[in-house]
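Working notes, structure below.
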Amino acid sequence: MTEIGQIEAFLAGEKEEYRMQITAPCAVQGFSSLDAYREGTLTWIKSADKWRGDMPDIALAVVQEGVELPLPNQIICKNSKAAFFSLIEHFFAVPEEEEEPIGRCTVIGPHVKLGKRVRIGHNCSITGEVTIGDDTVISDNVVIKNRVRIGQRCTIQALTMIGEDGFGAYKEGNRLVMIRHYGGVWIGDDVFISSFGNIERGTIDDTYIGNGVKIGPCTLVAHNSRIAENVTLVGSQLYGSVTVGENSLVAGSIIKNQCTVGRNSVVGIGSAVLRDVEAQKVAVGVPARVIRENSPQGIL
């Protein structure tokens, strides 16, 4: 059982802005979602439209700032999502089983350099001039090859490919001749690459993934692309030499080769970007067209 005093003491040491509104004795045992609420647990309410009048009694809720609800016990936060998941991680997460730092049937080439506390899963192949920074975690069935630099505290999930040649070719008569690539992949710190990701190396210069980038499942970043800091890419296809400016979001979209998406912009789901998108714009459609300015505060 976790007492409200323990929760308040933890939040006081965090960076999140919050205020407590407690009017009844309060302790929680575990957590649950609002849709499947279990009696006596901590839950999260991010918007008023998630609330129904027939909801059961809520022991304690983390509530987004500005949402007014008739609850006796609330933790009201400016970033309620971050606060809720921080509480879960601190009080309720089950520790992962300790495993060997290098999994079974994993091949590590002689020129690979591993930082401190790097963990690599089963059935991986890491070969070539590869450097992996401290505290990076690589899951099962990942291939990293040729010339790749991966920074610190990165997460690379299963079935991801990094460093393979891209689809580069020139025409000789009526046939395409594939060209060998000589560049690499540069990946910054605190980067997350979800499962089935494909990051191709550059033809001459490196493909670049900046610090803090988050890449969702089934995403292609083709050769020579440059992804700036804190970009989010989800289920998208970025073809050769694409540039995405910092703090932008590309969701379920295709970006034509050599196009640029400016900083702090959004490309909406199902879009096809065939020409540049200026900074701080929201673009959607096929072909993608700018529909409005994006908020200066960002996208998430």
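The values are calculated or read from the model by the stated rules, or taken from the named source; none is laboratory data. Everything quoted here is computed from the prediction, not taken from an experiment. Here Cβ is always computed from backbone atoms with ideal geometry, including for glycine, and neighbour counts include all displayed protein chains. Quick note on the areas: whole protein, heavy atoms, side chains included, nothing else; ligands and nucleic acids left out. Shrake-Rupley method; radii C 1.70, N 1.55, O 1.52, S 1.80 Å.
A few remarks follow.
- DSSP beta bridges fully contained in segment 151-300 are about 20 percent antiparallel.
- Portion, in percent, of the accessible area of segment 48-111 that falls on carbon or sulfur, probe 1.4 Å: 51 percent
- Computed over segment 201-300: relative contact order in percent, which uses C-alpha pairs under 8 Å that are six or more apart: 17 percent
- Gained length - F92 relative to R19, 0.36 nm times residue gap less alpha-carbon distance: 24.1 nm
- Residues whose amide H lies under 5 Å from that of V242, counting only those 5 or more places away or on a different chain, are S225, R226, Q258; hydrogens are built 1.01 Å from N in the peptide plane.
- Listed by chain and number, the lysines whose C-alpha is less than 23 Å from the C-alpha of K46, apart from same-chain residues fewer than 8 away, are K15, K78, K81, K214.
- In this structure the chain gives 53 Å² per residue of accessible area when probed at 1.4 Å with all protein chains present.
- The chain: relative contact order in percent, alpha carbon pairs under 8 Å with at least 6 residues between: 7 percent
- The amide H of V130, built 1.01 Å from its N in the peptide plane, has V112, K113, V148 as neighbours under 5 Å, considering only residues 5 or more places off or on other chains.
- The label-point distance for N174 and R119, in a model that sets each label 7 Å from Cα toward Cβ, rounds to 5.6 nm.
- Of the solvent-accessible surface of segment 122-183, computed with a 1.4 Å probe and all protein chains present, 48% belongs to carbon and sulfur.
- Prolate/oblate/rounded label for segment 188-259 (Cα gyration tensor, a/c 1.5): rounded
- Space enclosed by the convex hull of the alpha-carbon atoms of the chain, per residue, Å³: 164 Å³
- Projected label points at R289 and E99, each 7 Å from Cα along the beta carbon direction, are separated by 4.9 nanometres.
- For segment 256-268, backbone phi angles converted through the Karplus equation (6.51, -1.76, 1.60; θ = phi - 60°) give residue-by-residue couplings of 5, 4, 6, 8, 10, 10, x, 4, 6, 10, 10, 10, x Hz, Gly and Pro being listed as x.
- Cα shape, segment 186-228, gyration tensor, a/c 1.5 rule: oblate
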